[in-house]
Amino acid sequence: MQEYTFIRVYIYTKVNIACKLSQICRLLGQPALPLLSAQKDINIGAIFSFHKSALLKIQPFTSKPKPTTCGSFNSLRGFKYAQTLIFTIEEINNSTQLFPGVSLGYKIYDSCSSISQTVLSGMSLMNGYEETLNCSVCNVYENNTICDIVFFFLQISHFATCACLSNRKRFPSFFRTIPSDYYQSRALAQLVKHFGWTWVGTVRSRGDYGNNGIAAFEETAKQEGICIEYSEAILSTDPKEQFLKTLEVIKKGTARVVLAFVAVGDFIPLLNVIAQHNITGIQWVGSESWITYRTFAETKECSFLSGAVGFAIANAKLVGLREFLVNVHPDQEPKNELLKEFWETVFQCSFRSNRSGGCTGSEKLAELQNEYTDVSELRIVNKVYTAVYAIAHTLHNKSTETYYVSDFSSQVLEYMRDVRFTVKTGEEIFFDSSGDPAARYDLINWQPADDGSLQFKHVGFYDSSLSSEQCLQVIQEHMIWAGNSRQFPVSVCSESCPTGTRKAVQKGRPVCCYDCILCAEGEINNETGKIAHVYWSNEGKDKCVLKVVEFLSYTEIMGRVLCIFSFFGVLLTAIVSFLFYLHKETPIVRANNSELSFLLLFSLSLCFLCSLTFIGRPTEWSCMLRHTAFGITFVLCISCVLGKTIVVLMAFRATLPGSNVMKWFGPLQQRLSVVSLSLIQMIICVLWLMISPPIPYMNLSYYREKIILECNLGSALGFWAVLGYTGLLSILCFILAFLARKLPDNFNEAKFITFSMLIFCAVWITFIPAYISSPGKFTVAVQIFAILASSFGLLFCIFAPKCYIILLKPEKNTKKQMMGKSSSKAL
């Protein structure tokens, strides 16, 4: 993956270059010369691979290095890329829409499939190939020199896919028309997940391409629940023993799917070893570098790759390209050695021989069917085409504005980032902030052809611009698998657990490797092998059944009993109220503020009724209502009792000589005290509901076999504030009633209030531990019991004695009897 397309723009204008008058820049060694070139107004430079690796020589550093020597011509593909670049430039020059009046030229260099030669060619693109560069034509200004020359270097690649090149800090001027391997790696992981292969092996090139590609694949695979059995790294220069070692790892592995994220050159030695050992039955998944490499498909020794699947760069059709390619002829440039080498390679002849086998020049490229003349697969060729157009559109957009050469570099970069156009194929070209295009891939499946070779079948696509649900599309019914089989391959470390068993991860192995053990109570083995937590198992432990949702219901016995007691309390309260209304003019009813008595009876009715809100399925409204209704009604009730207690104390104080205390606690003050005390509770409840109200909550932790549906308090502080305020009033009422219990009236209501508050406090003190320790619906039942018990206690203790006198002792229901004093009691 060393092939890059570079731009070199020659624009001569005034630019400041500071140097000493006597300074001369001299080239050391021999320059790399372009193999194909045509000088025009603006020239595009490119580097492709035409020859085998350059012959490495050890330099003694004692003399001028000799020119680098490349191997023989061996790349029809590289030559095809170069001719595509020329074809595109000529198409642009013939267009009236781009650069009218300006012609594009080109300089094409050879990388010789060598990193060092690629660097040398790249430096030639930047520096030119003159032996010296001096300042003899410069103007002197303050001992510095102003030179009239500039060159600019921008890179755009058609073939470099390494994700590392998206790093804008390291490569600020790098763009590409081929997608980054980051997207391909993610797409491959999603493809493997789509087929349910959770146990795979990987083979990668030992370089940036393979290392970064597999790293991104493993990251996504882990998220998708895919496990890697092994990961082997290879390089074309490795000894044969290394490839034999990789072969042994593949043979011994249990994964039936192998992802090969390798460059073509690195893959060839491994394929040769695999072919020699007749290894079959492997489902190969390939990266774009080799999945459409026709040489493999046409080689019978590589027939074991049948069924291989992988992503390839999206294909395209370039009108007029084949006619241009087959019209290439050495006579076009008689002195060009590259054209002669190309011709000798494709026709297996020689221009140096006049005997049989010599090249005549009458051979026809149109009659050949090879990698060069085939235009059915123009995936990478199309990226060369779009790269040249991206440069042309960028320069065209830039040429429409005035610019200063001093900041030409940054300006062109900005225009390249913003360029957006549509080529003749209909593809829209643009770059993201990292200089990458949108990731679009064809899903390719290798299937046998009639002549025994393999053909590339389009069976889907991947488009990163679509949603996660739509980005991967697979036509699985059209696919062939390893060994030309129609049977879908399975690659898992452990088979799915049968019904009634569950996974238990094997110690020291990936999560995809597990044993199957019997499910415990409440566990099942569903289709995904995961244990369902919110359901319970049936007896066979093979199906989920809904857990019983438990709450205190009106339909169950306990709920019905509590409802009966609640309604019975309301009925008793209504009877007492009716009885008091009939005898409202009698002294025993009028004594101690009959208005407070009726308000107390009303609040007791609400207390009995509020217990009903605790029964039934909790909802948002019922959860908020039950706690606030409970708090407000009970404070209203206790406020009335507290008012009656204070009235008793004040009434006794009023009988003392010179006392005028009752005017400070008359009926109006009694009403205000009840309203004020109740209003405080209302404010507490409103704050509770605003800050963190009670909400329905499914408690899954208390019982494994059932769900407790209850009201979460929301704010525990709010709940205990409501309860605490109620308790505070109750204790205050109890203390005052206790102090007034021995006042010398024949009918002292304070003693009955004391007893009622004693019951009330006892009930709610015992409620706290019972409430905390009761499980599930019994928590609600305890709260309802406390409400009913304390309500009945108040009703009976305060009103039963009065009802007794009204109904059974009417002779005591006189003012004289009420105001009489007992001589046997002291203050």
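The values are calculated or read from the model by the stated rules, or taken from the named source; none is laboratory data. All values reported here derive from a predicted model rather than from experimental measurement. Note: ideal-geometry Cβ built from the backbone for every residue, glycine included; neighbour counts use all protein chains shown. Quick note on the areas: whole protein, heavy atoms, side chains included, nothing else; ligands and nucleic acids left out. Shrake-Rupley method; radii C 1.70, N 1.55, O 1.52, S 1.80 Å.
Rundown of residues vs (1) under 23 Å from residue 699 (Cα atoms); (2) modelled with pLDDT of 75 or more; (3) part of a loop (DSSP other than H, G, I, E, B); (4) open to solvent by 60 Å² or more (accessible area, probe 1.4 Å), yes/no style:
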| residue | (1), (2), (3), (4) |
| --- | --- |
| 495 | no, yes, yes, yes |
| 503 | no, yes, no, yes |
| 507 | no, yes, yes, yes |
| 512 | no, yes, yes, no |
| 520 | yes, no, yes, no |
| 529 | no, no, yes, no |
| 536 | yes, no, no, no |
| 539 | no, no, yes, yes |
| 549 | yes, yes, no, no |
Scope the range 593-618; condition among the aliphatic types (A, V, I, L, M), open to solvent by 30 Å² or more (accessible area, probe 1.4 Å) and either without any contact (Cβ under 8 Å) to a residue 24 or more places away in the chain or more than 28 Å from residue 699 (Cα to Cα) (or both); matching residues: 599, 606
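One line per residue, one yes/no per condition, for (1) surrounded by fewer than 16 Cβ atoms within 10 Å (Cβ to Cβ); (2) modelled with pLDDT of 90 or more; (3) in contact with a strand residue (DSSP E or B) (Cβ under 6 Å, 6 or more places away or on another chain); (4) within 24 Å of residue 323 (Cβ to Cβ):
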site: 339; (1), (2), (3), (4): no, yes, no, yes
site: 342; (1), (2), (3), (4): no, yes, no, yes
site: 346; (1), (2), (3), (4): no, yes, no, yes
site: 357; (1), (2), (3), (4): yes, no, no, no
site: 367; (1), (2), (3), (4): yes, yes, no, yes
site: 374; (1), (2), (3), (4): yes, yes, no, yes
site: 389; (1), (2), (3), (4): no, yes, no, yes
site: 395; (1), (2), (3), (4): no, no, no, no
Which residues, counting only those in the range 83-132, are modelled with pLDDT of 85 or more and farther than 30 Å from residue 371 by Cα? 96, 97, 98, 102, 103
So which residues in the range 563-579 are within 17 Å of residue 791 (Cβ to Cβ) and more than 60 Å from the chain's Cα centre (by Cα)? 571, 572, 573, 574, 575, 576, 577
Which residue out of 739, 729 is at pLDDT 85 or above and in the same structural domain as residue 630 (by the TED database)? 729
It is to be established whether one or more residues within the range 749-769 are assigned to a loop (DSSP other than H, G, I, E, B), modelled with pLDDT under 80 and either of a type in the set (Val, Ile, Thr) or out of contact with any Lys or Arg (no Cβ under 7 Å at 6 or more places or on another chain) (or both). no
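Residue by residue, here is whether (1) more than 30 Å from residue 394 (Cα to Cα); (2) in contact with a Gly (Cβ under 6 Å, 6 or more places away or on another chain); (3) not in a helix (DSSP H, G or I) holds:
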{"site": "168", "(1), (2), (3)": "no, no, yes"}
{"site": "172", "(1), (2), (3)": "no, no, yes"}
{"site": "178", "(1), (2), (3)": "no, no, yes"}
{"site": "209", "(1), (2), (3)": "no, no, no"}
{"site": "215", "(1), (2), (3)": "yes, no, no"}
{"site": "218", "(1), (2), (3)": "yes, no, no"}
{"site": "255", "(1), (2), (3)": "yes, yes, yes"}
{"site": "270", "(1), (2), (3)": "yes, no, no"}
Evaluate the following for residue 309: is it hydrophobic (A, V, I, L, M, F, W, C) and closer than 28 Å to residue 38 by Cβ? no
With respect to the numbered conditions (1) at pLDDT 95 or above; (2) more than 27 Å from residue 456 (Cβ to Cβ); (3) of a type in the set (A, V, I, L, M), which one is the sole condition not fulfilled by residue 257? (2)
I'd like to verify a number: residues in the range 437-476 that are among the acidic types (Asp, Glu), over 17 Å from residue 189 (Cβ atoms) and either in a strand (DSSP E or B) or outside the structural domain of residue 282 (by the TED database) (or both), how many? 1
Taking the criterion of being free of Cβ contacts under 8 Å to residues at least 24 places away in the same chain and open to solvent by 30 Å² or more (accessible area, probe 1.4 Å), would at least one residue in the range 623-643 satisfy it? yes
Restricting to the range 615-627, name every residue that is in a helix (DSSP H, G or I) and touching a Leu at 6+ places or on another chain (Cβ under 7 Å). 624
So residue 50 clears everything in (1) open to solvent by 70 Å² or more (accessible area, probe 1.4 Å); (2) at pLDDT 90 or above except one condition, right? Which one? (1)
Filter result (of a type outside the set (Phe, Trp, Tyr) and free of Cβ contacts under 8 Å to residues at least 12 places away in the same chain) within the range 569-592: 571, 575, 582, 584, 585, 590
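One line per residue, one yes/no per condition, for (1) open to solvent by less than 30 Å² (accessible area, probe 1.4 Å); (2) of a type in the set (Gly, Ala, Ser):
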position: 209; (1), (2): yes, no
position: 215; (1), (2): no, yes
position: 225; (1), (2): no, yes
position: 242; (1), (2): no, no
position: 245; (1), (2): no, no
position: 253; (1), (2): yes, yes
position: 262; (1), (2): yes, no
position: 271; (1), (2): yes, no
position: 277; (1), (2): no, no
